[in-house]
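Okay, so here's the structure we're looking at.
The values are calculated or read from the model by the stated rules, or taken from the named source; none is laboratory data. Note that the coordinates shown come from a computational prediction; the quantities given were computed from them, not determined experimentally. For neighbour counting, all protein chains shown are included, and Cβ atoms are generated from backbone atoms with ideal geometry for every residue, glycine included. To get the accessible areas, we keep the full protein, side chains included, count just its heavy atoms, and leave off ligands, DNA and RNA. Shrake-Rupley method; radii C 1.70, N 1.55, O 1.52, S 1.80 Å.
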Amino acid sequence: MSRPPLARALWQTARPLQWLKNLLVFAAPGAAGVLDDPSDMGKAVITFVACCLASSGLYFWNDALDVESDRRHPAKRHRPIPAGQLGITMAMVIGTGLIVAGLALAGATGRWQTVAIVGVYVVSTMAYTLSLKHVAVVDLVVVASGFVLRAAAGAVAVDVGMSSWFVLCTVFGSLFIVTGKRYAELREIGDGAAEIRRTLGSYTPGYLRIVLTVACGGALLTYCQWAFERKEMVGSDRPFYELSIVPMLTALLRYALVLENGKGAAPEEVFANDRVLQLLGLCWVVLFGLAVYVR
């Protein structure tokens, strides 16, 4: 049974595929080995839902504010707001409600730090939507910081620490994904890219390839350091931490290939449809789970 037009428009604007990004809230609790505790698992799930509500609310605001430029975009013009299926005022009201609900739910973890981090995520994303997305390089860093904040929200919700290598791995990994998105957009749109997204007029494929190379290498190096650090910390003599590097490396190279083949403008769709990336992700989860929970 199909959804009514308004319900379908609301669902599409909420971007449920983007909720995959919020799975990062489980990274720090998972690495710390506390997700087998019902209380900590519950707090992580609450934080995940809070981030989903807040991020969806921000998408409503983003589409409402970007309606004119989206109408000139070959793909974004089909979104409900630029297509005229959802009113701008209604989108802003719903977006505000979702953001407030996300902040309130973050408070259900019982830790003000969770609310603070979700709040910083909301403020930084709104600043990006209003102005920072027009500043080359800064736009990449701000979007990448959203991934780090998601991971931090999960860490503070269950009160576990994040090592320096974990933070750096998240930074480089998110920068790799964000830069790849810009690289794919630039190649897909071509000469009219600057009219759709102002910063694309400042970037060149060569420059973005340099950033991709740095980000990919940084993500792999810092992940290796994090894995070795974790193994020494827990005193494990099993090779699961080292083996988890293999699917990580393969996934980075696989995604780089996707970008070179002219795809990647919508990373969430790539991960949702690429069976190889999904299998690599499953392999990583299994190996890291064995490393954390099998001593």
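Some notes on this structure:
- Any hit, the stretch 162-169, residues being assigned to a helix (DSSP H, G or I), in contact with a Leu (Cβ under 6 Å, 6 or more places away or on another chain), open to solvent by less than 50 Å² (accessible area, probe 1.4 Å) and within 28 Å of Glu269 (Cβ to Cβ): no
- Pairs meeting the criteria (first residue in the stretch 11-38 and on the phi > 0 side of the Ramachandran plot, second residue crowded, with 18+ Cβ neighbours inside 10 Å, beta carbons under 9 Å, at least 6 apart or on different chains) are Arg15/Ser55; Arg15/Ser56; Arg15/Tyr59; Gly33/Val292.
- Only one of the listed residues (Ala116, Ala127, Ala101) is crowded, with 16+ Cβ neighbours inside 10 Å and part of a helix (DSSP H, G or I). That residue is Ala101.
- Only residues that are open to solvent by 30 Å² or more (accessible area, probe 1.4 Å) and more than 23 Å from the chain's Cα centre (by Cα) were counted in the stretch 75-98, giving 8.
- Val294 touching a residue at least 24 places away in the same chain (Cβ under 8 Å), farther than 30 Å from Lys76 by Cβ and among the β-branched types (Val, Ile, Thr): yes
- So Arg72, is it under 18 Å from Arg8 (Cα atoms) and either touching a strand residue (DSSP E or B) at 6+ places or on another chain (Cβ under 8 Å) or among the charged types (D, E, K, R) (or both): no
- Of the helices (runs of 4 or more DSSP H) lying entirely inside the stretch 195-295, none contains at least 3 residues that are open to solvent by 90 Å² or more (accessible area, probe 1.4 Å) and polar (S, T, N, Q).
- A single member of Ala50, Ala28, Ala54, Ala9 is buried (at least 21 other Cβ atoms within 10 Å of the Cβ), within 17 Å of the chain's Cα centre (by Cα), among the hydrophobic types (A, V, I, L, M, F, W, C) and modelled with pLDDT under 95, and it is Ala28.
- Hey, Thr213 closer than 26 Å to Gln18 by Cα, touching a Ser or Thr at 6+ places or on another chain (Cβ under 9 Å) and hydroxyl-bearing (Ser, Thr, Tyr) or not: no
- Screening the candidates Ala44, Ala14 for the property of being modelled with pLDDT of 85 or more, under 21 Å from Thr96 (Cα atoms) and either out of contact with any Phe, Trp or Tyr (no Cβ under 6 Å at 6 or more places or on another chain) or of a type outside the set (D, E, K, R) (or both) yields one hit, Ala14.
- Note on the stretch 130-143: residues that are surrounded by fewer than 21 Cβ atoms within 10 Å (Cβ to Cβ), among the β-branched types (Val, Ile, Thr) and assigned to a helix (DSSP H, G or I) total 3.
- Single match in Ser56, Ser39 (criterion: closer than 20 Å to Lys133 by Cβ and part of a helix (DSSP H, G or I)): Ser56
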